[in-house]
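The values are calculated or read from the model by the stated rules, or taken from the named source; none is laboratory data. Just so you know, these numbers come straight off a predicted model, no measurement behind them. Here the Cβ positions follow ideal geometry from the backbone for every residue, glycine too, while neighbour counts run over all protein chains shown. Remember, those area values only see protein heavy atoms, side chains included, never the ligands or the DNA or RNA. Shrake-Rupley method; radii C 1.70, N 1.55, O 1.52, S 1.80 Å.
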Amino acid sequence: MAKPETAAQFAKAKVTAVQIGKVRAAFDPKWKDVVTKLRAAIKAKQNDKIDLYLVALEGRLKELNKILRAATLARGNLREIEFDEDFVAENLSEVEKAVTTVSEAVDGFTEEYDEGKTLQNEAEAASTKFQGGANQAMTNLSALDGEMDDAKDDLSALFKKQDAIYSRAAKAAESRDAKGLEKAQKEHAALGIDIALTLHEGLVKRVKEFGDKAAANSAYSDDLKKKLKDGVKDIQNKAVGVNVYVEQLGAASIGVKALSIGQIDIAKAAKALSIDRAGEAGLKKVLNGPASGFESGLEQIGKNLDPKQKGKDMLAKLKTAGVL
């Protein structure tokens, strides 16, 4: 049976999904316009227009970052709703529509963000304003260095935040607390770890591209190339340090999703406790609940057995039989 609160939660999520769809429909043409114009300006070597469209691109990237975060949060909220299997089954068409809208938006916005950052580097390399100026080249290097520092701080904070949630999820799974596990998994999904890792992957790629293009730029002096090469190497060394969080976050994302509460073999449990088939229903109810209620639940069942059994002793028998 669907949970009463899920309907209200989905009503809000559905409105948000529609809003995200409208935002995407309005944003995509604007994005395509500035990207197309900037690519054309680069190809035509129109330096003034490259600079103009770069400013426009930066504005779009800021806007994109905000709506990507909003879409990621909305996807997390929809994932929470998916835990209510009965509600999803009864409202599959509507839920599917909302999930499709939001998921496609997240994927699309992520691709656009990566595309924009890559194009930004290409435009800066193509513009004479950036090609000929050692100061600007160092400024661009400094900006990438700052992004890597921010990435380290952000991913470190994200890891610490998820670590507490992961611990609760693991504890809930171990104690067979289905509601606790569901809540923790929802919270973990809402953190948007996969998106954060995708964006970081894009940053690492841009740093490498910057270094490759700087090395091949005939307008740069040997001294400048050496400084830029050393600077890129320093940033990449920082990235190695950040990889600790990247790997741990990736593993955590997979690990939390994989947590589940396994089914207990009720027939085997009944045999270990010498409970007949008529008593299996009550035993199943107890063992399918949280582990914290096992002993007290078994105590009640044991009072009606002949001979009577203590909950503590019954629990020990189940562990000895390998049921728990």
Accessible surface of segment 135-245 [probe 1.4 Å, protein heavy atoms]: carbon and sulfur percent: 52
Selected from G116, G180, G293 as most flexible by GNM, with the chain as the system and alpha-carbon contacts under 10 Å: G293
Local electrostatic count, L141, Cβ distance below 12 Å [Lys/Arg +1, Asp/Glu -1]: +1
Cα convex hull volume per residue for segment 48-206 (Å³): 105
Most fluctuating residue given options Q185, Q162, Q248, as computed from a GNM of the chain linking Cα atoms under 10 Å: Q248
Candidate lysines for bridging to K45, where Cα separation is under 18 Å - those fewer than 8 sequence places away on the same chain excluded: K37, K129, K213
Probe 1.4 Å, protein heavy atoms only - accessible area per residue of segment 50-206 in square angstrom: 49
Kirkwood hydrodynamic radius of segment 137-232, from inverse mean 1/r over distinct Cα pairs, in Å: 16.1
Modelled FRET efficiency - R0 51 Å, K43 with K179, Cβ distances, 0.05 increments: 0.35
Listed residue pairs exceeding 22 Å between alpha carbons, taken from K30/K97; K171/K310; K3/K183: K30/K97; K171/K310
Cα extents of segment 189-324 along the three principal axes, largest first (Å): 93, 20, 20
Aspartates and glutamates whose Cα lies under 15 Å from that of K160, excluding same-chain neighbours fewer than 8 positions away: E187, E247
Percentage, to the nearest whole number, of Cα pairs in segment 1-132 over 23 Å apart: 45
Residue (of I67, N135, N77) at the positive-pole extreme of the chain, dipole from beta-carbon charges: N77
Total formal charge among the other residues, if their Cβ is under 9 angstrom from that of N121, Lys/Arg +1 and Asp/Glu -1: 0
Pair-distance profile P(r), taking every C-alpha pair of the chain, with 10 angstrom steps and integer %: 5, 19, 22, 19, 14, 9, 6, 4, 1, 0
Reach of K285 by Cα under 17 Å, taken over lysines that are not fewer than 8 positions away in the same chain: K179, K268, K271, K303
